[in-house]
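Worksheet: the structure to be examined is printed underneath.
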Amino acid sequence: MSKDKILLTGVGSYLPKNKTSNHDLAKYIDTSDEWITKRTGIKFRHFVANNEYTSDLGTNAAKLAILNAGLKPIDIDIIIVATTTPDNTFPSTASKIQKNLGCSAISFDVQAVCAGFIYGMTVGISMLKDGHGKKCLVIGADSMSKILDWNDRSTAVLFGDGAGAIILEKEKVKTKFCENDDWGILASKIYTNGNFYDILNTDGGVSKSKSIGFLRMNGKEVFRHAVEKLSSSLLICLEECNKDISQVDWLIPHQANQRILDAVSNKVKLNPNKVISTIADHGNTSAASIPLALDVATKRGKVKNGNVLALQAIGGGLSWGSLILKVGKPI
Ligand code: ACO
């Protein structure tokens with residue numbers, strides 16, 4: 001017997017060249033390596049060049065993910081780009097990336113800020129299941145430096161730029177190889193609560209002020225919601241696929257702040273050694289942070305065929321969610 005499964009078959013990432021340390025930042029804003037490291041775990045972040053756009057970051061990551069999956073751009077049926085910092089207000093950054101790749105995939109953007117990659121994956125999974133194609137490229141790409149207010153040291157030190165991408169493929173899998181038919185994407189849950197619109201947003205926007213505005217955040221409130229909502233959505237997802245926390249090989253969370261990662265692993269009783277953290281090297285790259293961390297973990301040989309991964313993120317909206325998958329193909 002065989003069954004349609006949505007499998008993760010490729011991953012890639014890209015960081016702009018300009019790597020900036022906390023010490024570099026402290027030369028032009030009133031901060032210190034000690035403050036940033038203690039509060040967040042961040043040591044470095046990468047920034048785009050003036051002539052480098054979100055679509056460039058996304059295109060570079062996409063090419064590597066397509067190669068990693070053993071595919072060509074023309075094989076891709078759907079491109080979903082999670083971004084808060086599109087090249088233009090319209091058209092979508094996804095349509096620019098489609099042009100750069102030279103394919104004819106259905107292409108559109110998803111806006112759920114730092115949760116965008118989980119949203120994008122969830123939409124991609126549904127589209128594959130609904131027959132819109134067989135191969136979906138999901139990209140998280142952001143140039144957060146373009147919306148930072150350098151006079152607001154409490155937010156400016158947190159963010160960086162980058163992109164990551166994955167390939168999802170719908171494949172027929174012989175169920176006799178799969179223990180309990182348990183392979184590929186196992187569960188995903190996404191949530192929004194607009195009552196918290198004001199605790200993490202920009203103070204501008206096209207219809208409001210015709211300017212893009214700067215990122216504003218109530219850090220303490222976001223911290224509180226992040227720990228609670230990331231923990232609860234992860235446990236709900238695990239329950240949905242009949243797993244418990246001890247069966248998770250790697251948690252790959254949105255990289256907002258090391259203290260949030262530590263608090264979540266403590267709350268859900270997951271060994272902290274199973275949490276992938278790239279926060280020190282990347283800072284918070286918004287929608288890019290999960291696929292960037294996944295790519296780093298894969299390249300370091302941590303993620304192996306058959307591993308159970310838990311991905312999770314929270315961002316403005318508030319928007320949040322978790323996703324469980326079993327990596328690779330049954331062998
Ligand atoms: N360098 C030095 N001092 C600073 C800096 C800085 N970069 N920023 C703020 N301070 C000072 C403040 O002025 C304040 O000084 P005061 O006591 O003299 O008034 C002091 O540090 C404490 O400021 P708080 O804002 O209370 O600092 P807090 O301990 O809450 O830490 C932080 C701020 C790191 C943002 C924290 O609230 C946090 O981790 N929030 C989680 C939110 C988060 O990580 N968001 C990421 C984006 S959202 C997302 O991705 C989900």
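When 200, 215 are screened for being touching a Cys at 6+ places or on another chain (Cβ under 9 Å), under 26 Å from residue 153 (Cα atoms) and either exposed (fewer than 12 other Cβ atoms within 10 Å of the Cβ) or not acidic (Asp, Glu) (or both), only 200 passes.
Quick grid of which residues meet (1) crowded, with 24+ Cβ neighbours inside 10 Å; (2) farther than 21 Å from residue 314 by Cα; (3) within 16 Å of the chain's Cα centre (by Cα):
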{"site": "39", "(1), (2), (3)": "no, no, no"}
{"site": "47", "(1), (2), (3)": "no, yes, no"}
{"site": "58", "(1), (2), (3)": "yes, no, yes"}
{"site": "61", "(1), (2), (3)": "yes, yes, yes"}
{"site": "68", "(1), (2), (3)": "no, yes, no"}
{"site": "71", "(1), (2), (3)": "no, yes, no"}
{"site": "74", "(1), (2), (3)": "no, yes, no"}
{"site": "77", "(1), (2), (3)": "no, yes, no"}
{"site": "82", "(1), (2), (3)": "yes, no, yes"}
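Just one of the listed residues (171, 239) is farther than 20 Å from residue 317 by Cα and surrounded by fewer than 13 Cβ atoms within 10 Å (Cβ to Cβ), namely 239. Residues in the range 205-223 that are without any contact (Cβ under 8 Å) to a residue 24 or more places away in the chain and under 13 Å from residue 84 (Cβ atoms): 205 only. So, residue 118, is that one in the same structural domain as residue 76 (by TED's automatic domain parsing), within 16 Å of the ligand (Cβ to nearest atom), part of a helix (DSSP H, G or I) and buried (at least 19 other Cβ atoms within 10 Å of the Cβ) or not? Taking the combined requirement at face value, the residue satisfies it.
Would a scan of the range 47-54 turn up a residue that is touching a residue at least 40 places away in the same chain (Cβ under 8 Å), among the polar types (S, T, N, Q) and farther than 26 Å from residue 304 by Cβ? So far as the range 47-54 goes, yes, one or more of its residues are touching a residue at least 40 places away in the same chain (Cβ under 8 Å), among the polar types (S, T, N, Q) and farther than 26 Å from residue 304 by Cβ.
Report whether or not residue 281 is more than 14 Å from the ligand (Cβ to nearest atom), over 23 Å from residue 185 (Cβ atoms) and among the acidic types (Asp, Glu). I'd like the intermediate steps shown before the answer.
Details: more than 14 Å from the ligand (Cβ to nearest atom): yes; over 23 Å from residue 185 (Cβ atoms): yes; among the acidic types (Asp, Glu): yes.
For residue 281, the condition - more than 14 Å from the ligand (Cβ to nearest atom), over 23 Å from residue 185 (Cβ atoms) and among the acidic types (Asp, Glu) - is met.
Counting only strands (runs of 3 or more DSSP E) that sit completely within the range 144-236, those holding 2 or more residues that are at pLDDT 95 or above and away from the ligand (no atom under 14 Å from the Cβ) correspond to 161-174, 184-192.
Have a look at 68, 88, 60 and point out the one that is of a type outside the set (Phe, Trp, Tyr) and without any contact (Cβ under 8 Å) to a residue 60 or more places away in the chain. Please lay out each step first, then the result.
Numbers: 68 fails: without any contact (Cβ under 8 Å) to a residue 60 or more places away in the chain; 60 fails: without any contact (Cβ under 8 Å) to a residue 60 or more places away in the chain.
None of the other options fit; the residue is 88.
For the range 290-331, filtered to residues that are surrounded by fewer than 19 Cβ atoms within 10 Å (Cβ to Cβ) and touching a helix residue (DSSP H, G or I) at 6+ places or on another chain (Cβ under 7 Å), the residue that is farthest from residue 190 (Cα to Cα) is 330.
Results for (1) polar (S, T, N, Q); (2) closer than 21 Å to residue 228 by Cβ; (3) modelled with pLDDT of 95 or more, shown as yes or no for each residue.
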site: 247; (1), (2), (3): yes, no, yes
site: 251; (1), (2), (3): no, yes, yes
site: 258; (1), (2), (3): yes, yes, yes
site: 261; (1), (2), (3): no, yes, yes
site: 284; (1), (2), (3): yes, yes, yes
site: 294; (1), (2), (3): no, no, yes
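Of the strands (runs of 3 or more DSSP E) entirely within the range 1-79, those holding at least 1 residues that are over 16 Å from residue 279 (Cβ atoms), polar (S, T, N, Q) and away from the ligand (no atom under 16 Å from the Cβ) occupy 2-14, 18-21. Just one of (1) β-branched (Val, Ile, Thr); (2) surrounded by fewer than 22 Cβ atoms within 10 Å (Cβ to Cβ); (3) in contact with a Gly (Cβ under 6 Å, 6 or more places away or on another chain) fails for residue 106. It is (3).
Conditions tested, residue by residue: (1) touching a residue at least 24 places away in the same chain (Cβ under 8 Å); (2) aliphatic (A, V, I, L, M).
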{"residue": "272", "(1), (2)": "no, no"}
{"residue": "285", "(1), (2)": "yes, no"}
{"residue": "291", "(1), (2)": "yes, no"}
{"residue": "303", "(1), (2)": "yes, yes"}
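Screening residue 276 against (1) of a type outside the set (Gly, Ala, Ser); (2) within 14 Å of the ligand (Cβ to nearest atom); (3) surrounded by 15 or more Cβ atoms within 10 Å (Cβ to Cβ) leaves a single unmet condition, (2).
The values are calculated or read from the model by the stated rules, or taken from the named source; none is laboratory data. Everything quoted here is computed from the prediction, not taken from an experiment. Reconstructed Cβ throughout: ideal geometry from the backbone, glycine too, with neighbour counts over all protein chains shown.
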